[in-house]
Every structure is written in C-alpha cells, then in structure tokens.
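> This is the structure I want to talk about, given as structure tokens.
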Amino acid sequence: MSSCPLVVIEPLKRRHCAECRGGPLARLVLEFHAPLCLDCADLGHLVYLARGDAALTRRAREASGLWAVVVRHNRRRTRYERQGILVEEAALARAEAACLADAEARARRRARDAARRAAEDVRFRAALADEILRLFPGCPPERASGIAAHAAERGSGRVGRTAAGRALDQGAVTAAVRASVRHVDTEYDALLMRGVPRRQARTRVAPAIEAVLEAWRR
C-alpha cells in the first residue's frame, strides 16, 4: 500500500469529466490538470467513508487494497481539508464487523466493571456501617447502615468517598455520623429554610448534635 494515497477532490465549482463529459461531479480526480470522474479514474467501485470514526477509518484503510483520501478546499483557511476516504466495499464491511466486535467487548467489560464496583460498594458500605457501630455502639443498626449508604454513594464527593473515608479513618467516620445527626436529629435544615446563616445555624445545633453522639457512644 502506497504511503502517498490517491487524492479525490470535492470541487467547489461545477466541473465535468474531461473524458466522458459527465457531470457536474460531486468528486473528481485531477489527472494532468484535467478533471476525471471516479469511473474514468478507475475508482468508481470504491465506497465513501466520512471522517469521524478513527478506528473504523484506520481498519478500512488497512483492509483495502486500493483507497483514496477525499479532500475539499477551505477558502477561509486557504487549504485542503480531509473529508473522508474511499475504500473497497468489502474492506469497509470487514472494518465495521471488527469495530462492532470491539464495541461488544467494551460493553461486556463495562458491565463487568460495573458489577465489580457494585460489589466493592456493598463491601465498603458494610465495613463503614460496622465502624460506625464500633465507634457509636448506641446508634441503631439500621441508622448506621443508612449513614454508611449515604456517605459512601459513588460520585457524591461525600466524606465516605474521600481517601480518609475509604480508609475508615475515625475522624472521617465521625464526620459522616455528625452530618447525619445534624440533618436528621436537629432543627438545622429548618433554620436554613428560615434564612439563618449556615455558620450561625451550625452553632445553634452543635449542643444537640454532641448530645446525640455522646448518647450513641455509650
């Protein structure tokens, strides 16, 4: 396969074939400065593949014994720009089949990865709930499970997804429990809804939070 591919032009002006006089031509080949239609240039059996899918283009080009690059002149940039390629129809079919097989393999891999992540999340939530109960044995088990599920939600950016949280650091675990108590067991959310500034609202509910945490520690 030549390192200098044939070039087919999508003309901006109406051009007719210099041999068969057919036209106007959607694509042409310049031969000694004369425009030829693809049939007269012996390229009429090739099929067009637009740019956009790099893997499909590469595979179709490699599988095709004859191929050509299709270009169009960009007047604003004063240069020719690639629009796609012409390849043998059988080569394109083989390339499409190979890319489809790859897509199916990628889909299976994504499914396996999703199942693996889901299993990891289940194990981590259980470990986090156990650590919550170890630090706060008075916390109801179902509440510990709820706190763990909320804090460890993938993609949430919550404390359970931080490095410290993943390591079950005591400070991170306590922060997750404190956040839950703040929202569930105090008037914090109601204060925010009434327009109380966040820092002031936190200060007002801090004693109630510590009371709940102290009770759960016993």
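> Checking Ala144 against (1) small (Gly, Ala, Ser); (2) more than 22 Å from the chain's Cα centre (by Cα); (3) not in a helix (DSSP H, G or I), which test does it fail?
All conditions pass for Ala144, except number (3).
> Return yes when Arg94 is in the same structural domain as Leu49 (by TED's automatic domain parsing) and surrounded by 15 or more Cβ atoms within 10 Å (Cβ to Cβ) and no when it is not.
Numbers: in the same structural domain as Leu49 (by TED's automatic domain parsing): yes; surrounded by 15 or more Cβ atoms within 10 Å (Cβ to Cβ): yes.
Taking the combined requirement at face value, the residue satisfies it.
> Which ones in region 15-30 are among the charged types (D, E, K, R) and either at pLDDT below 90 or under 17 Å from Gln83 (Cα atoms) (or both)? Talk me through it step by step, then tell me what you get.
Going residue by residue through region 15-30, those that are among the charged types (D, E, K, R) are 15, 19, 21, 27.
Passing the criteria: only Arg27.
> Still on this structure, I have one more. Do you know which of the residues in region 76-112 that are assigned to a helix (DSSP H, G or I) and under 17 Å from Leu43 (Cβ atoms) is nearest to the chain's Cα centre (by Cα)? Full working, then the answer.
Of region 76-112, the ones assigned to a helix (DSSP H, G or I) are 89-112.
Narrowing the set further to residues that are under 17 Å from Leu43 (Cβ atoms) leaves 89-92.
Numbers: Glu89: 31, Ala90: 31, Ala91: 29, Leu92: 26 Å.
By that ranking, first place goes to Leu92.
> Right, something else. Considering only region 191-218, state which residues are in contact (Cβ under 8 Å) with a residue 60 or more places away in the chain and under 43 Å from the mean Cα position of the chain (by Cα). Full working, then the answer.
Step one: of region 191-218, the residues in contact (Cβ under 8 Å) with a residue 60 or more places away in the chain are 213, 215-218.
Residues satisfying the conditions are Leu213, Trp216.
The values are calculated or read from the model by the stated rules, or taken from the named source; none is laboratory data. Everything numeric here is computed off the predicted structure, so don't read it as measured data. Note that each Cβ is placed from the backbone with ideal geometry, even for glycine, and that neighbours are counted across all protein chains shown.
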